[in-house]
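Encoded as structure tokens, the structure appears first; notes follow it.
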Amino acid sequence: MATNGELNRKLRMGLVGGGQGAFIGRVHATAAILDNRATLVAGALSSDPVKAKASAPDYDIPPERAYGSYQEMIAAESKLPADRRIDFVTVATPNHMHFEIALAAVRSGFNVICDKPLTFDLAQAEELAKAVDGSGVVFAVTHNYTGYPLVRHARQMILGGELGEIQAIRAFYIQGWLRSRLETSNQKQASWRTDPKKSGAAGCFGDIGTHAFNLGRYMTGLIPQSISANLEIFAPGRLLDDYGTAVIRYENGALGTVTASQISHGRENDLFIEIDGTKGALQWRQEEPNKMIVRRNGEPHAVYSRDPNAPYMNESGKAACRLPSGHPEAFFEAFANVYRAAYDNMVLRATGKKFETVKTVYPNVNDGVEGMYFIQQCVASSKENGAWMPMKHARARK
């Protein structure tokens with residue numbers, strides 16, 4: 001059995017969400033156990049108690065720990081002996097449920113790994129962050145694209161000054177699956193993502209624009225100062241944005257752009273980013289994640305491939321790899337890297353040691369709050385025809 005250092009056992013996971021017909025819950029469950037450091041032992045897999053329990057065999061959750069609601073799970077697990085109860089709760093539900101589930105878990109002393117965006121609105125995010133501050137729990141947010149080896153390699157390069165002063169960030173997340181109104185045919189993913197009562201104030205920008213924004217923040221560390229956004233609904237009758245652009249001014253004088261679309265024909269999950277510095281520029285694309293291009297005037301373009309044994313790979317990039325070069329690592333592995341980094345802190349907590357809560361390798365609750373602020377300010381700016389809005393939140397990761 002794999003161990004977690006001095007803890008000498010696997011961490012025990014309780015999953016909320018992920019019932020039959022769900023997508024992201026299965027991703028969480030797969031990523032969580034990829035390194036054999038955790039085991040899924042309990043779950044409240046649906047808001048429908050019958051469906052929740054019927055879904056449990058799909059995850060090999062025993063009947064006695066297949067709960068009909070998250071409230072039931074947290075209450076029952078809290079009463080179990082320390083050597084049996086769950087160590088952490090994964091929240092993999094539609095956005096409008098994140099806050100109450102995560103807050104209940106935090107107040108009960110359970111660590112939390114929460115899908116993004118963190119909550120339904122900024123006020124909930126700020127309240128949740130305050131609860132986390134006083135709880136001593138580990139709290140991670142699955143901005144999973146931060147887990148790709150070359151993203152982490154690029155981050156170390158940039159923070160180490162290899163590209164010089166960063167002056168421009170262009171981040172894009174382009175999809176096409178909502179070109180037609182799938183929500184009218186009760187397609188599950190489309191239905192809740194386009195519903196303001198479940199998704200929140202933004203559609204496309206809340207769903208994938210937050211990923212593009214977070215990726216630029218994670219890779220460069222630049223603090224946003226102000227933002228101007230225009231969000232549009234191009235599918236007639238849709239209630240939330242399906243396309244948008246934002247311009248960001250950063251504290252150091254850099255400019256950034258975020259473009260997100262869910263109505264671009266033929267596009268799938270094309271998250272890509274270009275970063276310009278005074279000494280060089282780089283480009284990385286999620287659909288080809290094992291390759292990164294670095295450019296410097298007067299030099300041949302350098303193509304970095306994901307290779308943990310290559311001398312050009314830095315420690316951050318190597319630490320995120322599992323396979324030798326040429327064997328593609330992708331979505332599940334990147335997701336698992338967020339879990340793995342959070343596990344390190346969970347083990348420290350379980351063994352009575354101090355752990356970092358702000359400057360973490362994984363996105364934490366502060367990054368989640370900033371993501372909610374991004375959504376709020378983009379929506380507010382768009383309502384005022386792109387008016388500039390403040391963008392620096394007190395919890396912004398420095």
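Any read-out appearing in this document is the output of simple, stated calculations on the displayed coordinates, not a laboratory observation. Everything quoted here is computed from the prediction, not taken from an experiment. Virtual Cβ from ideal backbone geometry, glycine too; neighbours counted across all protein chains shown.
Of Lys116/Lys392; Lys10/Lys130; Lys116/Lys353; Lys198/Lys359; Lys130/Lys354, which pairs sit farther than 26 Å apart, going by alpha carbon to alpha carbon?
The pairs that break the limit, which is 26 Å between Cα atoms, are Lys10/Lys130; Lys116/Lys353; Lys198/Lys359.
Which net charge results for the neighbourhood of Ala104, defined as the other residues with beta-carbon distances under 12 angstrom from its beta-carbon, given Lys and Arg at +1 and Asp and Glu at -1?
Taking every other residue near Ala104 into account, the sum is -2.
Of the listed values [x] 0.96; [y] 1.12; [z] 1.06, identify the label whose number matches Cα Rg over 2.2 N^0.38 Å calculated from this model.
Of the labelled values, this structure produces [x].
With a cut-off of at most 16 other beta carbons within 10 Å, and DSSP calling the residue loop, which GluC sites (Glu not before Pro) in the stretch 166-272 qualify? Please list them.
Glu251, Glu268
I need the phi-derived Karplus couplings for the stretch 265-272: 6.51 cos²θ - 1.76 cosθ + 1.60, θ = phi - 60°, integer Hz, Gly and Pro marked x.
3, x, 8, 10, 10, 8, 8, 9
How would you rank 206-219, 48-61, highest first, on the average number of other Cβ atoms within 10 Å across their residues?
Highest to lowest by the protection proxy: 206-219, 48-61.
Stretch Asn314-Asp35 to full length: gain in nm at 0.36 nm per residue minus the Cα-Cα span?
98.3 nm
When the chain is fully extended, how far beyond the present Cα-Cα distance does Arg9 get from Val50, taking 0.36 nm per residue of separation?
Residue separation times 0.36 nm, minus the Cα-Cα distance, leaves 11.5 nm.
So if we plug the beta-carbon distance of Ser191 and His327 into 1/(1 + (r/R0)^6) with R0 = 41 Å, what FRET efficiency do we get, rounded to 0.05?
For Ser191 and His327, the calculated efficiency is 0.65.
Please give every one of the lysines within straight-line cross-link reach of Lys291, meaning a C-alpha to C-alpha distance under 22 Å, and leave out same-chain neighbours fewer than 8 residues apart.
Leaving aside lysines fewer than 8 places away in the same chain, those within reach of Lys291 are Lys279, Lys318.
Please provide three numbers in whole Å: the alpha-carbon extents of the stretch 235-357 along the principal axes, with the largest listed first.
54, 46, 36
Would any residue of the stretch 343-364 have its amide N under 17 Å from a label point 7 Å out along Cα→Cβ of Glu251? List them or say none.
It comes to 358-360, nothing else.
Tell me, in nm to one decimal, what length is gained between His301 and Leu239 on full extension, where the rule is 0.36 nm per residue of separation less the Cα-Cα distance? Can you show the working numbers first?
Numbers: separation 62, 0.36 × 62 = 22.32 nm, distance 4.40 nm.
Fully extending the segment from His301 to Leu239 adds 17.9 nm.
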